[in-house]
């Protein structure tokens, strides 16, 4: 089972390498040391949260802002972890969940939920390995090479992370009007924070939280039960 | 930011991220029944990603115009169901090429 998990994880690992490469570049260009970028990736294993996290640090935001922004941005993992808990088999509990819960990401979750009726702990463990290595190595390579690479290339790879975000939103919005509505509302509020001078005082971390909570609450009020259509 | 401060922030960041993942996984055995709460949680990832992408993506490269090229490329490929990695790397390629073209003028 562990071998099957490792095999299923390899495509995710390759994808993570290129995306975390761009995270490494982004972190270094925001004034972080290469080992700081590496530690962030090793300890968090998440794209959106890390991106927001280094934004908060670079802007010298408060610890509360850091905690709240991480909580809101990663709240989706709580939902995934809920679904996983329903599908994990009898032996996948207690200490195993405590340890392997660290490895829940959007892609790992999606692949794990796709395999059979129950999820075995050995399979889930195997599944995490390649993505973790890819994420860590990609960050390291990006952070180290980012310093010596020509700016044309750094510039181009800097958009890769946004590319991944777009690749998650667009297919979901295409399939589901409610998701399209929520994403559009959130983007509109985000533009408001960005372009209207009155909102200058609000840090980007809190701006993301406010956008996400307002748009999702509106979505839940108008289209309850349509999030997974 | 010095190393001590960095580690303090990192600790808070990693701690919250870990707890959000692990606590429901370990503790919750029943499904959430409230449909409003379920919907709210379900919409959160898309709302977060949309707010982070727009308008940030347009200022993520040296030229606004090449960022627009990358953005349009990503949206089109994503619309036609290409994988995460294809979309991400194609957007990079579009920024790379358009950046060089703009440099020429």
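Laboratory data are not the source of any read-out in this text; all were calculated from the coordinates shown. Just so we're clear, the structure is a prediction, and the values are computed from it rather than from any experiment. Glycine gets a Cβ as well: all are built from the backbone with ideal geometry, and neighbour counts include every protein chain shown.
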How many angstrom lie between the Cα centre of segment B:18-70 and the Cα centre of segment A:69-96? 16 Å
Shape call for chain B from the C-alpha gyration tensor, a ≥ b ≥ c root eigenvalues: rounded (a/c under 1.5), prolate (a/b greater than b/c) or oblate? oblate
Theoretical ellipticity at 222 nm over the protein assembly as shown - DSSP helices of four or more residues, -39500 (n - 2.57) apiece, nearest 500: -26000 deg cm²/dmol
Report the full-extension gain for the segment residue A:71 to residue A:86: residue separation times 0.36 nm, less the Cα-Cα distance, to one decimal in nm. 3.2 nm
Per residue of A:56-69, other chain Cβ atoms within 10 Å number on average 3
Would you mind calculating the gained length between residue A:95 and residue A:58 on full extension (0.36 nm times residue separation, minus the Cα-Cα distance), in nm to one decimal? 9.8 nm
Taking Cα pairs closer than 8 Å and at least 6 residues apart, the relative contact order of chain A in percent is 36 percent
For segment A:127-163 and segment A:168-229, what is the centre-to-centre distance using only Cα atoms, to the nearest Å? 27 Å
Gain in span if fully extended, residue A:122 to residue A:151, counting 0.36 nm per residue against the direct Cα distance: 6.1 nm
Shape call, the protein assembly as shown: gyration tensor on alpha carbons, a/c limit 1.5: rounded
